[in-house]
Amino acid sequence: MRAFLEAATSRRLSRRKFLRVSAGAAGGLLVSIYADLPAFAQEGTQAPQKVFPPDAFVHIRPDGQILITVNRLEFGQGVHTALPMILADEMDADWSQVVAELAPAADVYKDPIFGIQFVGGSGSIAHSFQQYRELGAKTRAMLVAAAADRWHVTPDQCRTANSVVYGPGNQSARYAELADEAGRKPIPDKVRLKQPSEFRLIGKRVRRLDSRAKCNGSQKFGLDLDLPGMKIALIARPPVFGGRVRSFNDKDARSIAGVRDVFEIPLAKGSAVAVVADRFWIAKQARDRLTIDWDLSGVEHADTRELSAKYKELARTTGNVAVSNGDQKAMNAIASANRLVAEYEFPYLAHSPMEPLNTTIRFDGDRAEAWAGSQFQTFDQMAIAEVLGLKPEQVTFHTEMTGGGFGRRAVADSHVQREAAAIAKRLRGTPVKLVWTREDDVQGGYYRPMHVHRVEIGIGRDGMPAAWRHVIVGQSILAGTPFAPMLVKNGVDGTAVEGTADTHYSIPNLHVSVHHPTVNVPVLWWRSVGNTHTAFVMETLIDELATRARIDPIVYRRKLLKADAGKLRRALDLMDEKSAVWRTKLAPGHAFGVSCHEAFDTGVACAVDVSIENKRPKIHRVTIALDSGVAVNPLTIESQFQAGVAFGLSQLVAKGAITLKDGRVEQRNFDGYTPPYMVDAPVAVDVHIVPSTEAPTGIGEPPVPVISPAVVNALAKLTGKRYRSLPLVTL
């Protein structure tokens, strides 16, 4: 995903900013700001005139409540609070009066850099920080202008605080009183933004706006949606990806009261049978009673054991070159030098968010309405329209609050929405909710790819790497997607090599290449994408080199980091400082491990205290430090890093792998594909943020890559073994 961000940024076209204001029928000031940056448009083309909802971002209601619209998906990362904080701070709004809602799919809500509406690459705050600041500042300026006119003074004689404009002579007016007048004021082209020292909300530990509803159970998610007359749909999918329905017998299924229809639908690849019923359990029972004759001819029956052997063989050959920055003689000398050779293997991983995938659609012939927790609103809205024979603007797409995603709800082919649309097309006029069961989720594909790494390191007399040859084997996430023309260069998918080809370590004679075999298993980015496996390889090898050189692992990393790796250095220094006390007082049978990695422009360093209990790692403490620029909401950052550490442990747990045999996924539910349990979670996670006034960078994904290598580096001290294959089946 990071490669996608960089490519889109480099293709930035001309900016046309629009700020629309009106006094709406609902009363109060309605403000919309739009930055037109169509990253995927052809340069020189004239974009069609767009119509924007007048209340797109800010609605100051007559009762003083300020509704701020969030142009993203909220699925646990905290943007439902952080983005309103940014706008409210510049607006000098009374935070106790601020409420937030998620935006529907619309041009006005597209990412101000990429020109599509989406969440990914930990870019929500980084991309909309300036946008929401300007929106807040311009809204404030219009309110001040209205007050100044009312009092016959100049705007610079006024000040604002807590949704009130104050003027000379103890005059004051609430924002709600001024909203209608402000709506008739011209929009300032430029406004002064606050200096960091003037922030009143940004940088403070602010409780999340959505916390109470999520804690008391009143928050509704996409899976909770219940519309009048709504039906539930489940799909029986082929046991091998790409299989087709040859025939099916639905007599037993239709015999169940409440079953409304059973029919074949197309999939992204192949076909399946949909069951529509009044309730979920009825649909589930009916699906279980289907007898389907599957045509599995002509599709590859992938087998992970066979793939492992094939990948290891490929890893011994040079692939498509991602980077080669050294002297060929030095590379060739690796064989005769003091060297380290290591081979790593990583399995397919499922995302398994808490809320299973779902989409609800009502198709009325000339219009449709959809409800989904989507990371790709623009793509999903277009896909629904295509299936239904509509234009995207004929599909009202509601972004639903969502129970996790980890990348699984950002799928370029929009296959879940296409399935739902195909079902809704048949049930014209009736809302239908497509639900994926947990078994559908575990066996439904779109996994983090399986990878093999082979690394050969020539070691200098000083114990530092003198040459590094690195081969990666794994499917391309981007091949066959709209992103491929921009992001797959010279046969290299940038998401597969991030963290290696762009390492922040100063490694001379670095050569990184990649093989992208084509396999009949659908793959997708998984929280922090390629960094999940590349950081593990890099950080365990760096630790092993430090051990060989008999140099403290933190000192070794400092020595090896590039001079311009400022964020990593600052994070490493802060982690060193905060963990020093406990690292020097470890209990018997305990060991510490460290790692550091920069992803999504955020530097992270991690130290862990680990022992072994019942043949599994016991993590007693994690100290993690990060440099992510301005910390908009430190409370959210802390929770994101604590949760990211737990998620990152998914790579280590004994049953944390998706395997295939004869094309069939062997795991069905959490009994076979097991997430980290409470016993696996760290006892304590201390999060420390490097103070900064730089622009904010990613938060949601950067904690994931560092925890696993830190833990196995500690395990290596306890057992004397090096762990190069995940998950950790035995210690």
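The values are calculated or read from the model by the stated rules, or taken from the named source; none is laboratory data. Just so it is clear, the structure is predicted and the values come from calculations on it, not from any experiment. Here Cβ is always computed from backbone atoms with ideal geometry, including for glycine, and neighbour counts include all displayed protein chains. The area values use the complete protein model at the heavy-atom level, side chains included, leaving out ligands, DNA and RNA. Shrake-Rupley method; radii C 1.70, N 1.55, O 1.52, S 1.80 Å.
Here is the link list: Lys204/Lys585; Lys110/Lys655; Lys284/Lys661; Lys185/Lys220. Which ones come out longer than 31 Å on Cα distance?
Lys204/Lys585; Lys110/Lys655; Lys185/Lys220
Among 442-451, 259-268, 632-641, what's the highest-first ranking by average C-beta atoms within 10 angstrom per residue?
Output ranking for 442-451, 259-268, 632-641: 442-451, 632-641, 259-268.
Among Ser128, Ala591, Ile707, whose Cα projects farthest towards the positive end of the dipole of the chain, with charges put on the beta-carbon of Lys, Arg (+1) and Asp, Glu (-1)?
Towards the positive end, the residue furthest out is Ala591.
What net charge is computed for the residues neighbouring Gly270, neighbours being all others with C-beta under 10 Å from the C-beta of Gly270, Lys and Arg scored +1, Asp and Glu -1?
Result for the local shell: +2.
R0 = 60 Å: FRET efficiency of Glu313 with Asp63, Cβ-based, nearest 0.05?
Once rounded, the FRET efficiency stands at 0.30.
Using Cα positions and a limit of under 14 Å, work out the aspartates and glutamates in reach of Lys231, with same-chain residues fewer than 8 apart set aside.
Straight-line reach from Lys231, under 14 Å: Asp261, Asp278.
Highest mean first, how do 507-513, 715-721, 365-371 rank when packing is the count of other Cβ atoms within 10 Å averaged over residues?
Answer by packing, highest mean first, reads 507-513, 365-371, 715-721.
Using a 1.4 Å probe over the heavy atoms of the protein chains, calculate the carbon and sulfur portion of the accessible area of the chain as a whole percent.
49 percent
Which whole-Hz couplings ³J(HN,Hα) result when phi for each residue of segment 391-405 is put into the Karplus expression 6.51 cos²θ - 1.76 cosθ + 1.60, θ = phi - 60°, listed in order with x for Gly and Pro?
Each residue of segment 391-405 in turn: 8, x, 5, 8, 10, 7, 10, 8, 8, 8, 4, 10, x, x, x Hz.
Taking 8 Å as the Cα distance limit and 6 or more residues as the minimum spacing, I'd like the relative contact order of the chain as a percentage.
Relative contact order here is 13 percent.
Can you give the calculated 222 nm mean residue ellipticity of the chain, where each DSSP H run of n ≥ 4 adds -39,500 (n - 2.57) and the sum is split over every residue, rounded to the nearest 500 deg cm²/dmol?
Computed ellipticity for the chain at 222 nm equals -8500 deg cm²/dmol.
Skipping prolines and chain starts, which residues have an amide H placed within reach, meaning under 5 Å, of the one on Leu510, given they are 5 or more residues away or on another chain?
Sorted by chain and number, the residues that satisfy this are Asn325, Gly326, Trp468.
Listed highest first by mean packing, meaning other Cβ atoms within 10 Å per residue, what order do 324-330, 112-118 come in?
Top of the packing list down: 112-118, 324-330.
Whose amide H sits under 5 Å from the amide H of Glu74, counting only residues 5 or more places off or on another chain, with H placed in the peptide plane?
HN-HN under 5 Å from Glu74: Thr402.
Picking from Leu478, Ala368, Ala535, whose Cα lies most toward the positive end of the charge dipole for the chain (charges on Cβ: Lys, Arg +1; Asp, Glu -1)?
Ala535
How far apart, in nm, are two points set 7 Å out from the Cα along the Cα-to-Cβ line at Ser172 and at Gln219?
3.4 nm
Label-point separation (nm) for Glu264 and Ser96, each offset 7 Å from Cα along Cα-to-Cβ?
In this crude spin-label approximation the distance works out to 6.4 nm.
In whole Hz, with x marking every Gly and Pro, tabulate ³J(HN,Hα) for segment 657-674 from phi via Karplus 6.51 cos²θ - 1.76 cosθ + 1.60, θ = phi - 60°.
Those phi angles translate into 8, 9, 10, 10, 9, 6, x, 9, 6, 7, 9, 10, 8, 6, 6, x, 10, 9 Hz.
Go through segment 475-481 residue by residue and turn each phi into a ³J(HN,Hα) via Karplus (6.51, -1.76, 1.60, θ = phi - 60°); whole Hz please, and just put x for glycine and proline.
Listing the rounded values in order: 4, 7, 6, 8, 4, x, 9 Hz.
Collect residues whose amide H, placed 1.01 Å from N in the peptide plane, falls under 5 Å from the amide H of Leu478; neighbours closer than 5 in sequence don't count.
none
Quick one: accessible area per residue over segment 94-158, 1.4 Å probe, rounded to a whole number of Å²?
Heavy-atom accessible area per residue stands at 31 Å².
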